[in-house]
Amino acid sequence: KGLVYRGLGKNAKALEMFLDSYRLKVKMNSENIVVTIGELMECQISLGKYTETKQLVRTASQYMKTESDYHLLNSIKGNIDLHEGNESGFIKKKTDALNYFMQNNLKYAKGIAKELGDYYFENNKYKNAATYYKMELNHISGKGGEKLWENLWQ
């Protein structure tokens, strides 16, 4: 339900659903808790709840079992870095996660290249922005992204 609410832009309601899911997974000692924690953190960040997110980051480290878990959570930590003015931390964490997921799990790479593209675009570094936007379109969002881009300009 959290994903549906998040897709609808109802982040407060999504946060409630992810919190319920997180509590349930902790009780059940679930193997898939890191993905839920990641979604929970993303909702918290979108609502400006950085203090809560930082607390959850500390808790989440005990659930990391794979390198994917590490990069997933580290990418989210990058958002906290950016909020706190640590732009180099943001760039490092995001590019590390993107490079890892481009090699190992494209599903989790989705959105990271766009976040980097957005960051560079907002900072008037259009060549870097274009590189990451193209990466998102061509490699992550599925084949044919380049044709979609070309059709938009015809």
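The values are calculated or read from the model by the stated rules, or taken from the named source; none is laboratory data. Just so we're clear, the structure is a prediction, and the values are computed from it rather than from any experiment. Quick reminder, even Gly has a Cβ in these numbers, built from the backbone with ideal geometry, and neighbours come from all protein chains shown. Surface accessibility is based on the protein's heavy atoms, side chains included, excluding ligands, DNA and RNA. Shrake-Rupley method; radii C 1.70, N 1.55, O 1.52, S 1.80 Å.
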Residue-ordered couplings for segment 5-13, obtained by feeding phi - 60° into the Karplus form 6.51 cos²θ - 1.76 cosθ + 1.60 and rounding to whole Hz (Gly and Pro as x), are 4, 5, x, 8, x, 9, 5, 5, 5
Taking the chain and counting helices only, DSSP H stretches of n ≥ 4 at -39,500 (n - 2.57) each over all residues, the nearest-500 ellipticity at 222 nm comes to -23500 deg cm²/dmol
Quick tally, 1.4 Å probe accessible area for 67, 39, 122, sorted with the most first, runs 122, 67, 39
Diffing segment 82-94: the Karplus 3J(HN,Hα) column from phi (6.51, -1.76, 1.60, θ = phi - 60°), in whole Hz with x for Gly and Pro, holds 4, 4, 8, x, 8, 5, 5, x, 4, 4, 4, 5, 5
From highest to lowest solvent-accessible area (probe 1.4 Å; ligands, DNA and RNA excluded), 108, 126 read 126, 108
Computed for the chain: size of charge dipole around the Cα centre, +1 on C-beta of each Lys and Arg, -1 on C-beta of each Asp and Glu, debye to nearest 20, value 260 debye
With 0.36 nm assigned to each residue of separation and the Cα-Cα distance removed, residue 128 to residue 99 gains 8.9 nm
The percentage of the accessible area of the chain (probe 1.4 Å, all protein chains present) made up of carbon and sulfur atoms, to the nearest whole number, is 51 percent
Per the charge dipole of segment 8-93 (beta-carbon charges, Lys/Arg positive, Asp/Glu negative, Cα centre), the residue among 29, 71, 14 reaching farthest to the positive end is 29
Checked against a 27 Å limit on the C-alpha separation, the offending pairs among 49/134; 54/107; 13/125; 27/92 are 49/134; 13/125; 27/92
Computed for segment 79-136: size of charge dipole around the Cα centre, +1 on C-beta of each Lys and Arg, -1 on C-beta of each Asp and Glu, debye to nearest 20, value 280 debye
To the nearest 20 debye, segment 1-56 has a Cα-centred charge dipole, built from +1 on Lys and Arg Cβ and -1 on Asp and Glu Cβ, of 120 debye
Over segment 59-105, with neighbouring protein chains present, the accessible area per residue in Å² at probe 1.4 Å is 51 Å²
With every protein chain kept in place and a 1.4 Å probe, the residues 114, 13 fall, from largest accessible area down, as 114, 13
Expressed in square angstrom to the nearest 10, the accessible area of residue 6 with a 1.4 Å probe stands at 80 Å²
